[in-house]
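The numbers here are math on the coordinates, done by the rules we state, and not lab data. This structure is a prediction, so every number in the text was calculated from the model and none was measured. When we count neighbours, we look across all protein chains shown, and the Cβ atoms used for this are built from the backbone with ideal geometry, even at glycine.
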Amino acid sequence: MQVAIVQYNAGNIYSVIHALKRLGVEPQLTDDAAALRSADRVLFPGQGEARQAMSYLREHGLDSVIASLRQPVLGICIGQQLMCSHSEEGDTTCLGIFDEQVRRFQPQRHEDKVPHMGWNQLHFDDSRERCPLFHGIDEGAYVYFVHSYYVPLCQATAAKTDYITPYSAALWHNNFYATQFHPEKSGAVGEHILRNFLEL
């Protein structure tokens with residue numbers, strides 16, 4: 001299986017590479033359009049600032065490439081945010097794969113710290129089809145978050161969590177999947193989610 005990771009000016013890429021290697025996959029880190037289009041799976045991870053990340057993607061033509069991919073694509077952390085239509089971070093127009101607005105957390109109480117860092121629970125809507133990323137994942141499972149911006153609950157919400165406000169822990173639309181949390185830092189639960197993605 002050919003697995004590609006989008007190379008752009010974002011941090012935390014190598015923890016994803018190591019997580020995939022633990023699953024027996026040797027991913028290719030690339031910003032080459034042909035390599036991304038020919039891969040069986042594409043991951044779009046990272047930590048960073050939305051405006052700078054989108055500038056890099058546009059300068060290298062990766063914005064249109066990512067949005068046009070037909071194989072399973074997984075955005076992680078800022079990858080999820082950049083797959084939305086707009087981010088309050090830098091008033092940034094993003095990829096528009098998910099027609100949603102990314103918002104900054106607004107602390108309501110003294111103990112509300114931004115960024116949100118640490119473990120939080122996943123919750124699923126039993127009235128909707130379970131996203132394939134979460135097959136075999138228990139209601140209330142803990143995963144690891146580090147972020148100051150979030151995607152509100154919406155039609156594409158595949159899992160939710162609650163910090164200051166309920167929000168989308170994951171999104172899903174057609175072949176596009178995204179997680180606000182870091183599966184590569186989420187222990188056995190995260191490993192299971194990455195395996196599910198590879199086995200889609």
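Local charge sum around Leu171 (other residues, Cβ-Cβ under 11 Å, Lys/Arg +1, Asp/Glu -1)?
Here the count lands on -1.
List the pair-distance distribution P(r) of the chain, using every Cα-Cα distance, as the percent of pairs falling in each 5 Å bin from 0 up to the bin containing the longest distance, rounded to whole percents.
Calculated over all Cα pairs of the chain, the distribution is 1, 8, 18, 22, 22, 16, 9, 3, 1, 0 percent.
Over the Cα atoms of the range 1-115, each weighted equally, I'd like the Debye log10 I(q)/I(0) at q = 0.09, 0.24 Å⁻¹, rounded to two decimals.
The calculated log intensity ratios at q = 0.09, 0.24 Å⁻¹ are -0.25, -1.39.
Alpha carbon centre of the range 141-200 versus the range 54-108: separation in Å?
The two parts, judged by their Cα centres, are 15 Å apart.
Per residue and in Å³, how big is the convex hull formed by the alpha-carbon atoms of the range 91-200?
On the way: hull volume 12.1 nm³, N = 110.
Cα convex hull per residue, to the nearest whole number: 110 Å³.
Between Asn9 and Arg37, 0.36 nm times their residue separation minus their Cα-Cα distance comes to what?
8.1 nm
Could you rank the peptides 73-82, 178-187, 109-118, 158-167 by their average count of other C-beta atoms within 10 Å per residue, with the highest value first?
Values: 73-82: 27.9, 178-187: 24.1, 109-118: 11.7, 158-167: 18.2.
Descending packing order for the listed peptides: 73-82, 178-187, 158-167, 109-118.
What number, rounded to the nearest 500 deg cm²/dmol, is the helix-based mean residue ellipticity at 222 nm of the chain, given -39500 (n - 2.57) per DSSP H run of at least four residues and division by all its residues?
Taking each H run of at least 4 residues, the total per residue is -7000 deg cm²/dmol.
Give me the lysines in straight-line cross-link reach of Lys185: C-alpha distance below 20 Å, same-chain residues under 8 apart excluded.
Lys21, Lys160
Measuring from label point to label point, each 7 Å out along Cα→Cβ, what is the Gln28 to Glu139 span in nm?
4.3 nm
At a Förster radius of 22 Å, what calculated FRET efficiency corresponds to the Cβ-Cβ distance of Thr165 and Leu200, to the nearest 0.05?
Efficiency, rounded to the nearest 0.05: 0.15.
Report the local net charge at Arg195: Lys and Arg +1, Asp and Glu -1, summed over other residues whose C-beta lies under 14 Å from its C-beta.
Cβ neighbours under 14 Å give a net charge of 0.
For the pair Glu59 and Val146, how long in nm is the line joining their label points, each one 7 Å along Cα→Cβ?
The two pseudo-label positions are separated by 2.4 nm.
For a Förster distance of 30 Å, can you work out the FRET efficiency between the beta-carbons of Glu191 and His123, rounded to the nearest 0.05?
In this case the efficiency is close to 0.90.
Treating the Cα atoms of the range 27-87 as identical point scatterers in vacuum, please give the log10 of the normalised Debye intensity I(q)/I(0) at q = 0.19 Å⁻¹, two decimals.
Here the Debye-derived log intensity ratios amount to -0.67.
If you average the sequence gap of Cα pairs under 8 Å that are 6 or more apart and divide by the length of the range 89-200, what percent do you get for the contact order? Walk me through the intermediate numbers first.
Numbers: 191 pairs, mean separation 29.7, N = 112.
Once divided by the residue count of the range 89-200, the mean separation gives 27 percent.
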